[in-house]
1. So what are the ³J(HN,Hα) numbers for the range 220-231, from phi and the Karplus equation (6.51, -1.76, 1.60; θ = phi - 60°), rounded to whole Hz, Gly and Pro as x?
2. Taking trypsin sites (Lys or Arg not before Pro) that fall in a DSSP loop and have at most 15 other Cβ atoms within 10 Å as cut points, what is the longest piece of the chain between them?
3. Note the count of lysine pairs whose C-alpha atoms are less than 26 angstrom apart in the chain, limited to pairs 8 or more residues apart or on different chains.
4. Which loop-located chymotrypsin sites (Phe, Trp or Tyr not before Pro) does the range 1-92 contain, where loop means any DSSP state but H, G, I, E or B and the Cβ has at most 16 other Cβ atoms within 10 Å?
5. Can you grab the distance from the C-alpha centre of the range 120-180 to the C-alpha centre of the range 35-91, Å, no decimals?
6. Can you give the Rg and Dmax of the range 1-56 based on its C-alpha atoms, in angstrom?
7. How large are Rg and Dmax for the chain when calculated on the C-alpha trace, in angstrom?
8. Could you work out the helix-only [θ] at 222 nm for the chain, with each DSSP H run of four or more residues adding -39,500 (n - 2.57) and the total divided by the number of residues, to the nearest 500 deg cm²/dmol?
Amino acid sequence: MIESRGEKIFYAFNYIFLGLFAFLTLYPFLYVLSASMSSPKAVVSGEVFIYPKEVTLAAYQAVFAESGLWMGYANTLYYTVAGTLVSMILTICGAYALSKKRLKGRTFFNLLVSFTLIFGPGMIPMYLNFRDLHLLDNRMGIIIGFAVSTFNFIILRTFFQAIPEEIEEAARIDGAGDVRVLFRIVLPLSKASLATISLFYAVSRWNGYFWAMVLLRDKDKYPLQVLLNQLVVQMKPSESMLSDFSYTTGETIIYATIIVAIVPIILVYPFIQRHFVKGVMIGSLKG
């Protein structure tokens with residue numbers, strides 16, 4: 001097929017625009033990576049742009065020597081894995097139930113769920129609720145207190161509604177109940193959406209720091225993101241980081257900690273990326 005002059009100009013413009021957009025998107029990550037591997041002098045003087053200058057791994061040595069990092073990593077993995085599992089169980093059960101027209105009061109419950117998407121309770125009422133439930137400084141407060149996202153719930157409910165009812169009716173004729181229909185038919189047909197919702201929950205759990213910082217008092221329960229917040233926002237590297245590696249600066253340690261914190265999500269994402277767009281698009285076909 002011969003392309004016209006206008007089409008060639010259009011495609012060239014698209015390639016240039018998308019290339020610039022990709023560069024602007026990736027540049028912050030490339031800069032942080034380069035700065036974390038550069039000497040403190042090069043970073044402070046503004047010599048680092050894309051490639052590292054005077055390559056050194058001293059910042060990473062300081063980060064990995066920090067005992068609080070490994071504790072934070074373990075806590076974050078626990079909150080992410082356990083929290084995502086609890087979130088998926090509750091979301092699947094609720095979305096499946098509310099996707100069925102035969103459920104009595106279905107409209108009321110759907111409106112009740114949608115109401116929380118528009119109006120939030122506020123930070124102080126939520127904190128008081130956690131306090132009254134004795135979930136302050138408790139790991140279960142982080143896992144259960146934020147178990148269900150209304151947005152994810154609606155996406156999964158919409159996908160379940162799109163599954164033809166004839167398939168479930170055929171299974172019921174063979175004697176299958178709701179539980180068997182859910183695990184043998186609905187969930188196998190929903191792998192793309194389940195992978196997408198799981199990714200949403202996992203990323204949210206992994207990046208969550210605010211409520212962990214508010215609810216938790218014991219530093220041994222802090223997730224990695226709370227430590228990252230102390231470094232980036234409060235600019236307070238631990239004393240051991242700076243004393244053991246006096247030739248590094250707090251800024252390079254911050255960049256190294258950021259890289260260490262985001263690498264696991266970056267490594268996991270390619271394995272489920274093919275399900276990501278498909279899951280969201282399928283779940284948005286029917287309102």
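1. Going residue by residue, I get 5, 9, 5, x, 4, 5, 5, 4, 5, 5, 5, 6 Hz, with x marking Gly and Pro.
2. On the way: sites that count: LYS100, LYS101, ARG102, LYS104, ARG217, LYS286.
Answer - 105-216.
3. 15
4. Working: sites: PHE10, TYR11, PHE13, TYR15, PHE17, PHE21, PHE23, PHE29, TYR31, PHE49, TYR60, PHE64, TRP70, TYR73, TYR78, TYR79; in loops: PHE49.
Those that pass, being in a loop and sparsely packed, are PHE49.
5. Using only Cα atoms to place each centre, the spacing works out to 32 Å.
6. Radius of gyration, then largest Cα-Cα span, for the range 1-56: 17.9, 55 Å.
7. 24.0, 74
8. Values: 15 runs with 204 residues, N = 287.
That comes out to -23000 deg cm²/dmol.
Read-outs: derived from the displayed coordinates by stated rules, not from any lab. Here the structure is a predicted model, which means the values were calculated and not measured. Here the Cβ is made from the backbone with ideal geometry for all residues, glycine too, and neighbour counts use every protein chain on show.
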